[in-house]
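*Asks:* Handing you a structure now.
The values are calculated or read from the model by the stated rules, or taken from the named source; none is laboratory data. The model shown is predicted, which means the values in this text are computed figures rather than measured ones. With ideal geometry, Cβ positions are generated from the backbone for all residues, glycine too; neighbour counts draw on all protein chains shown.
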Amino acid sequence: MSKIQSELGNSSAIHRNKRKYKEYLWAYAFIASPIIGFLLFAFIPISYSVYVSFTKYSGYQAPVVTGTANYERLLTDDPLFWKTLFNTFYSALSVPIGMAAALAIAIALNQRIRGILFFRVMFFLPTISSVVALTLLWKWIFNSDYGLLNYFLGLLGIIGPAWLSSEQWAMPAMIIQGVWAGLGFNMVLYLAALQGVPQSLYEAAEIDGANGWQRFLRITIPGISPTTLFILITSIIATMQDFPRFQIMTEGGPNYSTTTIVYYLFQNAFRYMEMGYASAMAWIIGILLMLITLLNFWLSRRWVHYD
């Protein structure tokens with residue numbers, strides 16, 4: 001009897017092992033595609049770019065190792081690198097302005113009034129629209145001769161500037177467009193965060209005599225701080241990598257006033273065919289983004305509340 005039970009137990013164990021083995025096979029089959037895709041289109045190219053950054057490489061001929069020459073040229077002998085880096089941080093002014101505007105709109109759209117869903121959809125609609133189409137639309141709006149913005153300024157008796165052809169006004173115009181472009185996505189995130197703040201906290205604060213501004217500072221801001229950190233980090237990364245808007249609207253001009261670091265990288269790689277130099281620039285940007293992100297996480301311990 002015991003022998004039969006032992007054989008049955010062994011058979012059951014073998015069956016369980018076969019079923020577990022099949023489950024592992026299916027699991028590996030499902031994760032194989034993204035892993036292979038990451039290796040082929042991310043890890044291998046990124047790893048190769050490290051090597052290329054230490055070479056002189058045009059893309060047509062074999063790379064010639066030059067050591068740290070690309071990095072030395074980048075940091076000590078290329079004033080355009082520092083100018084475009086300044087332009088990139090200048091354009092990043094759209095981040096705090098856009099976050100404040102998105103929060104204000106989210107608070108307004110968090111009200112329980114009739115037809116509020118329509119306004120939420122209208123504010124979010126540009127987020128799912130073509131970046132190229134929206135950028136071309138704004139290029140027309142900023143046109144100094146027949147643009148919509150200067151037309152309305154003219155109705156107020158104000159002579160509008162040459163927005164995209166002026167060194168003084170080109171970057172402010174890009175900041176305005178950048179703020180508008182990011183409103184919809186950030187607004188939705190803030191709206192979700194606002195709805196997650198417990199109403200009981202507001203009720204308790206109101207009973208204690210706190211006014212609206214005090215409730216906003218002491219309850220709303222801490223309650224949505226994790227979302228604020230997420231928006232801050234992702235917006236900075238997106239701004240540092242912003243490329244299509246500047247290519248379409250200004251092509252980096254006038255006189256490099258709107259040439260961002262990524263657009264300058266593109267010019268070096270595909271216009272001047274200096275792949276090695278562009279790879280070195282890409283790694284400098286990557287390291288800079290990593291440092292900024294780590295700094296934000298470190299500072300967030302003082303103002304982000306997860307309770």
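*Asks:* Considering only region 19-28, I want to know if a residue exists there that is modelled with pLDDT under 95, part of a helix (DSSP H, G or I), out of contact with any Cys (no Cβ under 9 Å at 6 or more places or on another chain) and surrounded by 11 or more Cβ atoms within 10 Å (Cβ to Cβ). Talk me through it step by step, then tell me what you get.
*Replies:* The initial filter retains those residues of region 19-28 that are modelled with pLDDT under 95, namely 19-28.
If we keep only those that are part of a helix (DSSP H, G or I) too, we end up with 19-28.
Among the residues that remain, those that are also out of contact with any Cys (no Cβ under 9 Å at 6 or more places or on another chain) are: 19-28.
Going one step further and asking which of them are surrounded by 11 or more Cβ atoms within 10 Å (Cβ to Cβ), we end up with none.
For region 19-28, residues modelled with pLDDT under 95, part of a helix (DSSP H, G or I), out of contact with any Cys (no Cβ under 9 Å at 6 or more places or on another chain) and surrounded by 11 or more Cβ atoms within 10 Å (Cβ to Cβ): absent.
*Asks:* May I pose another question? Based on this model, can you work out whether Y151 counts as surrounded by 11 or more Cβ atoms within 10 Å (Cβ to Cβ), touching an Asp or Glu at 6+ places or on another chain (Cβ under 9 Å) and modelled with pLDDT under 95? Quick ask: steps written out before the conclusion?
*Replies:* Numbers: surrounded by 11 or more Cβ atoms within 10 Å (Cβ to Cβ): yes; touching an Asp or Glu at 6+ places or on another chain (Cβ under 9 Å): no; modelled with pLDDT under 95: yes.
Taking the combined requirement at face value, the residue does not satisfy it.
*Asks:* A further question follows. Yes or no: R112 in the same structural domain as I237 (by TED's automatic domain parsing), out of contact with any Ser or Thr (no Cβ under 9 Å at 6 or more places or on another chain) and outside any helix (DSSP H, G or I)?
*Replies:* Answer is yes for this residue.
*Asks:* While we're looking at this one, here's another question. Scan region 39-75 residue by residue and report those that are surrounded by fewer than 16 Cβ atoms within 10 Å (Cβ to Cβ), among the small types (G, A, S) and either free of Cβ contacts under 8 Å to residues at least 12 places away in the same chain or not in a loop (DSSP other than H, G, I, E, B) (or both).
*Replies:* A42, S47, A62
*Asks:* To continue, here is another question. Check A100 against each of (1) in contact with a Leu (Cβ under 6 Å, 6 or more places away or on another chain); (2) free of Cβ contacts under 8 Å to residues at least 12 places away in the same chain and name the one condition it does not meet.
*Replies:* With (1) in contact with a Leu (Cβ under 6 Å, 6 or more places away or on another chain); (2) free of Cβ contacts under 8 Å to residues at least 12 places away in the same chain applied to A100, the lone miss is (1).
*Asks:* Exactly one of these conditions fails for H305: (1) out of contact with any Ser or Thr (no Cβ under 6 Å at 6 or more places or on another chain); (2) not assigned by TED's automatic domain parsing to the domain that holds A104. Give me its number.
*Replies:* (1) is the only condition that H305 fails.
*Asks:* Could you identify the single residue in L136, L191 that is assigned by TED's automatic domain parsing to the domain that holds P244, within 22 Å of A101 (Cβ to Cβ) and touching a residue at least 24 places away in the same chain (Cβ under 8 Å)?
*Replies:* L191 is the lone residue from the list that is assigned by TED's automatic domain parsing to the domain that holds P244, within 22 Å of A101 (Cβ to Cβ) and touching a residue at least 24 places away in the same chain (Cβ under 8 Å).
*Asks:* Taking the stated definitions as given, is P161 over 17 Å from the mean Cα position of the chain (by Cα), closer than 20 Å to A92 by Cβ and either in a helix (DSSP H, G or I) or of a type outside the set (F, W, Y) (or both)? Please lay out each step first, then the result.
*Replies:* On the way: over 17 Å from the mean Cα position of the chain (by Cα): yes; closer than 20 Å to A92 by Cβ: no; either in a helix (DSSP H, G or I) or of a type outside the set (F, W, Y) (or both): yes.
Criteria not met by P161.
*Asks:* List pairs: first residue in region 280-295 and closer than 10 Å to I237 by Cβ and surrounded by fewer than 15 Cβ atoms within 10 Å (Cβ to Cβ), second residue hydroxyl-bearing (S, T, Y) and at pLDDT below 95 anywhere in the structure, Cβ distance under 8 angstrom, at least six positions apart or on different chains.
*Replies:* none
*Asks:* Does I292 fit the bill of being touching a Ser or Thr at 6+ places or on another chain (Cβ under 8 Å) and either at pLDDT below 95 or closer than 30 Å to E72 by Cβ (or both)?
*Replies:* Working: touching a Ser or Thr at 6+ places or on another chain (Cβ under 8 Å): no; either at pLDDT below 95 or closer than 30 Å to E72 by Cβ (or both): yes.
Judged against the criteria, I292 is not a match.
*Asks:* With respect to the numbered conditions (1) part of a helix (DSSP H, G or I); (2) closer than 24 Å to V131 by Cα, which one is the sole condition not fulfilled by S200?
*Replies:* The single condition S200 does not satisfy is (2).
*Asks:* Right, another one. Among the numbered conditions (1) without any contact (Cβ under 8 Å) to a residue 12 or more places away in the chain; (2) within 29 Å of T250 (Cα to Cα); (3) outside the structural domain of G276 (by TED's automatic domain parsing), tell me where D78 comes up short.
*Replies:* With (1) without any contact (Cβ under 8 Å) to a residue 12 or more places away in the chain; (2) within 29 Å of T250 (Cα to Cα); (3) outside the structural domain of G276 (by TED's automatic domain parsing) applied to D78, the lone miss is (3).
*Asks:* Within the group P172, P254, P226, P222, which residue is at pLDDT 90 or above, of a type outside the set (F, W, Y) and either part of a loop (DSSP other than H, G, I, E, B) or not assigned by TED's automatic domain parsing to the domain that holds L295 (or both)?
*Replies:* Numbers: P172 fails: either part of a loop (DSSP other than H, G, I, E, B) or not assigned by TED's automatic domain parsing to the domain that holds L295 (or both); P226 fails: either part of a loop (DSSP other than H, G, I, E, B) or not assigned by TED's automatic domain parsing to the domain that holds L295 (or both); P222 fails: either part of a loop (DSSP other than H, G, I, E, B) or not assigned by TED's automatic domain parsing to the domain that holds L295 (or both).
Of the residues listed, the single one that is at pLDDT 90 or above, of a type outside the set (F, W, Y) and either part of a loop (DSSP other than H, G, I, E, B) or not assigned by TED's automatic domain parsing to the domain that holds L295 (or both) is P254.
*Asks:* Find the residue count for region 253-273, including only residues that are within 17 Å of F54 (Cβ to Cβ) and in contact with a Gly (Cβ under 9 Å, 6 or more places away or on another chain). Please lay out each step first, then the result.
*Replies:* Step one: list which residues in region 253-273 are within 17 Å of F54 (Cβ to Cβ), which gives 265, 268-269.
Now drop any that are not in contact with a Gly (Cβ under 9 Å, 6 or more places away or on another chain), which leaves 269.
Residues meeting the conditions: 1.
*Asks:* Hey, another quick one. Quick one: which residue in I207, I128, I116, I159 is surrounded by fewer than 18 Cβ atoms within 10 Å (Cβ to Cβ) and in contact with a Leu (Cβ under 7 Å, 6 or more places away or on another chain)? Full working, then the answer.
*Replies:* Numbers: I207 fails: in contact with a Leu (Cβ under 7 Å, 6 or more places away or on another chain); I128 fails: in contact with a Leu (Cβ under 7 Å, 6 or more places away or on another chain); I159 fails: in contact with a Leu (Cβ under 7 Å, 6 or more places away or on another chain).
The match here is I116.
*Asks:* Do the conditions hold for I105, that is, is it in contact (Cβ under 8 Å) with a residue 40 or more places away in the chain and either in a helix (DSSP H, G or I) or over 19 Å from the mean Cα position of the chain (by Cα) (or both)? It would help to see each step written out before you state the result.
*Replies:* On the way: in contact (Cβ under 8 Å) with a residue 40 or more places away in the chain: yes; either in a helix (DSSP H, G or I) or over 19 Å from the mean Cα position of the chain (by Cα) (or both): yes.
Against the criterion (in contact (Cβ under 8 Å) with a residue 40 or more places away in the chain and either in a helix (DSSP H, G or I) or over 19 Å from the mean Cα position of the chain (by Cα) (or both)), I105 qualifies.
*Asks:* So, in region 123-158, of the ones that are part of a helix (DSSP H, G or I) and out of contact with any helix residue (DSSP H, G or I) (no Cβ under 9 Å at 6 or more places or on another chain), which residue ends up farthest from A238 (Cα to Cα)? Full working, then the answer.
*Replies:* Residues of region 123-158 that are part of a helix (DSSP H, G or I), as a first pass: 123-128, 131-141, 148-155.
Narrowing the set further to residues that are out of contact with any helix residue (DSSP H, G or I) (no Cβ under 9 Å at 6 or more places or on another chain) leaves 133, 137, 151-155.
On the way: A133: 19, L137: 21, Y151: 31, F152: 31, L153: 31, G154: 34, L155: 36 Å.
So, considering only residues that are part of a helix (DSSP H, G or I) and out of contact with any helix residue (DSSP H, G or I) (no Cβ under 9 Å at 6 or more places or on another chain), the one farthest from A238 (Cα to Cα) is L155.
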